[in-house]
């Protein structure tokens, strides 16, 4: 149980275009989802926290107009990178908390590698 | 501010030798802690977690970790390393008082030599 999927697993896009990444909880209801980015050979940095049905809370330094997060249902959150540039190339990982468990655990997706050319 | 320190960027051990990866945290609240492992290009796999109770926790793949509040540490150990353990290991800390957001350490890359 507690499986989180991401789609796509990798994507290449041209500079200036937008790309959407989906994060789904497959067998539980995720009241809270988190989006992280990881640059090569670096750690995970939290970008934003999203709660179902409300606006995402962005970490300091993360441009909310560039990284649009939508958490419209209890099983799906999306991250849209708008007007992507090569510096946005990174590994994006989502995680989700099970709203029906009193647990601090986050379940992580497999990640999406974004390359902007 | 909350912070997590993994002082060793790289560690190399011989196959069959014991392993200890260090993790220290600085938190103004009662923390909960995790250890994750990541293979190149892959997502995170949870090795073990500590929320409360017994400070020595057992995880998967023969790993264990001990929470020492007085030292603000949560070191990961394995008595006998296998070549397949070569990967990057991340310590992560969270607290309910900080919105359950996780702060990750910089990671430790483990190399196993035969």
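Couple of notes before you dig in:
- Scanning the range B:61-84 for residues that are in a strand (DSSP E or B) and under 21 Å from residue B:31 (Cα atoms) returns B:64, B:65, B:66, B:67, B:68, B:73, B:74, B:75, B:76, B:77.
- Matching entry among A:52, A:59 (being over 21 Å from residue A:8 (Cβ atoms), within 14 Å of chain B (Cβ to nearest Cβ) and touching a residue at least 12 places away in the same chain (Cβ under 8 Å)): A:59
- Residues in the range B:85-114 that are modelled with pLDDT of 95 or more, surrounded by fewer than 12 Cβ atoms within 10 Å (Cβ to Cβ) and either within 11 Å of the chain's Cα centre (by Cα) or outside any strand (DSSP E or B) (or both): none.
- Exactly one residue out of B:61, B:68 is within 26 Å of residue A:109 (Cβ to Cβ) and either within 11 Å of chain A (Cβ to nearest Cβ) or in contact (Cβ under 8 Å) with a residue 12 or more places away in the chain (or both): that is B:61.
- Restricted to the range B:8-28, and to residues there that are exposed (fewer than 12 other Cβ atoms within 10 Å of the Cβ) and under 24 Å from residue B:101 (Cα atoms), the residue that is modelled with the lowest pLDDT is B:28.
- Residue ID - farthest from the other protein chains (Cβ to nearest Cβ), chosen from residues in the range A:79-114 that are under 13 Å from residue A:66 (Cα atoms) and in contact (Cβ under 8 Å) with a residue 40 or more places away in the chain: A:83
- When residue B:39 is tested against (1) buried (at least 16 other Cβ atoms within 10 Å of the Cβ); (2) within 27 Å of residue A:91 (Cα to Cα); (3) within 14 Å of chain A (Cβ to nearest Cβ), only condition (1) is not met.
- Given (1) within 19 Å of residue A:5 (Cα to Cα); (2) within 12 Å of another protein chain (Cβ to nearest Cβ); (3) in contact (Cβ under 8 Å) with a residue 40 or more places away in the chain, number of the condition residue A:46 does not satisfy: (3)
- Options B:55, B:108; residue that is under 20 Å from residue B:18 (Cβ atoms) and touching a residue at least 24 places away in the same chain (Cβ under 8 Å): B:108
- Identity of the residue in the range B:42-58, closer than 21 Å to residue B:30 by Cβ and part of a loop (DSSP other than H, G, I, E, B), that ends up nearest to the other protein chains (Cβ to nearest Cβ): B:51
The values are calculated or read from the model by the stated rules, or taken from the named source; none is laboratory data. Note that the structure is a prediction, hence the values are computed from the model and not measured. Please note: Cβ atoms are built from the backbone with ideal geometry, for glycine as well, and neighbour counts cover all protein chains shown.
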